[in-house]
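Chemist: Shown below is the structure under consideration.
All of the numbers you see were taken from the coordinates with simple rules; none came from a lab. Just so it is clear, the model here is predicted, and its values are computed rather than measured. All Cβ positions, glycine included, derive from the backbone under ideal geometry; neighbour counts span all protein chains shown.
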């Protein structure tokens, strides 16, 4: 293990002791250290940080800026120990801060993504991504939650997946439809046939038998999007993995409004299911679909009209 990788372990330990989870930062920084190793460089330079952060070439400025900010924080830590490490200046990769417009996937879009996954050259990769797309669609899990699932977290007997220590430090059990349980069991059987000696106990595995990395999964998702023929609807509305979660929430809310259910009473249930800490976080999805806003407005008009 080289010195910079040892320092990365120390850095993560120190930061986690302060309460930071750093799951994504660990993956990104480990990839950055690999990048330095490949170039036989043992100190952080602004040029190397910029070159790595600017990957992939077709990435968004916001993603590049995030990657560089992660390296910058680590570089500050190293610079305090060894001044030969350079700290990339702020503004080197400027990115506008804005909230992306959710890309709401239709049933046809999801079917196209799953069909594209089935065409992947590796049988294991094809089975993994087809099942991953399906699970995200029917559960609304965060992409990171799905990638962190271990084999023991999928309970086919009880029909639940256990999501442990997620975004807000909470764990929850997500109930599954029997058809979803059947699909997950079929994937597990196929996975174990194709990868009988995995490197990790992850539920979703790479062709190397390791846990899928978020950055690699994101790139693979964009490949599926292209193969499926999906197109961005605007500069800020592109089909991302996380938008499957948005789509799940919007479909659920649409169903409640169409059925004239008491949405306010049901919202805490959806918040718990999605792993939100407060229903207010779930209400944000109301702004994601014009049809949903129309139904909300109609409900409000009916309520006002009923007042004496």
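Chemist: Quick one: divide the alpha-carbon radius of gyration of segment 83-167 by 2.2 N^0.38 Å and tell me what you get.
Modeler: 1.56
Chemist: Report P(r) for segment 148-204: all Cα-Cα distances, bin width 5 Å, range 0 to the bin holding the largest distance, values in whole percent.
Modeler: Bins of 5 Å from zero give 4, 18, 26, 24, 15, 10, 2, 0 percent of pairs.
Chemist: Tell me the angle of helix 3-17 to the major Cα principal axis of the chain, expressed in degrees between 0 and 90 and rounded to the nearest ten.
Modeler: The helix 3-17 is inclined about 40 degrees to the chain.
Chemist: Taking 0.36 nm per residue of sequence separation and subtracting the Cα-Cα distance, how much length would be gained by fully extending the chain between residue 264 and residue 3, in nm to one decimal?
Modeler: Residue separation times 0.36 nm, minus the Cα-Cα distance, leaves 88.5 nm.
Chemist: Which one, [x] 120; [y] 160; [z] 168, gives volume of the Cα convex hull per residue in Å³ as derived from the coordinates shown?
Modeler: Computing volume of the Cα convex hull per residue in Å³ and matching it to [x] 120; [y] 160; [z] 168 gives [z].
Chemist: Relative to the longest principal Cα axis of the chain, at what angle does helix 263-274 sit, 0 to 90 degrees, rounded to 10?
Modeler: Between helix and principal axis, roughly 30 degrees.
Chemist: Here's something else I'd like to know. Out of 137, 84, 45, any idea which swings most in a Gaussian network model of the chain, alpha carbons joined below 10 Å?
Modeler: Maximum fluctuation in the GNM of the chain, among the listed residues, is at 84.
Chemist: Looking at segment 107-228 from every direction and averaging, what is the projected area of its Cα convex hull in nm²?
Modeler: 7.3 nm²
Chemist: As a check on your grasp of the helix formula, calculate [θ] at 222 nm for the chain: sum -39500 (n - 2.57) over DSSP H runs of n ≥ 4, divide by the residue count, round to the nearest 500.
Modeler: After summing the helix terms and dividing by the residues of the chain, the value is -18500 deg cm²/dmol.
Chemist: Sticking with the crude label model, points 7 Å out along Cα→Cβ, report the distance from residue 39 to residue 55 in nm, one decimal please.
Modeler: Each label point is offset 7 Å from its Cα along the Cβ direction, giving 1.0 nm.
Chemist: If you build the convex hull over the alpha carbons only and average its shadow over all orientations, what do you get for segment 3-81? Give it in nm² to one decimal.
Modeler: Dividing the Cα hull surface by four gives the mean projection, 5.2 nm².
Chemist: Helix 214-228 versus the longest principal axis of the chain: what is the Cα-based angle in degrees, 0 to 90, to the nearest 10?
Modeler: So the inclination is approximately 50 degrees.
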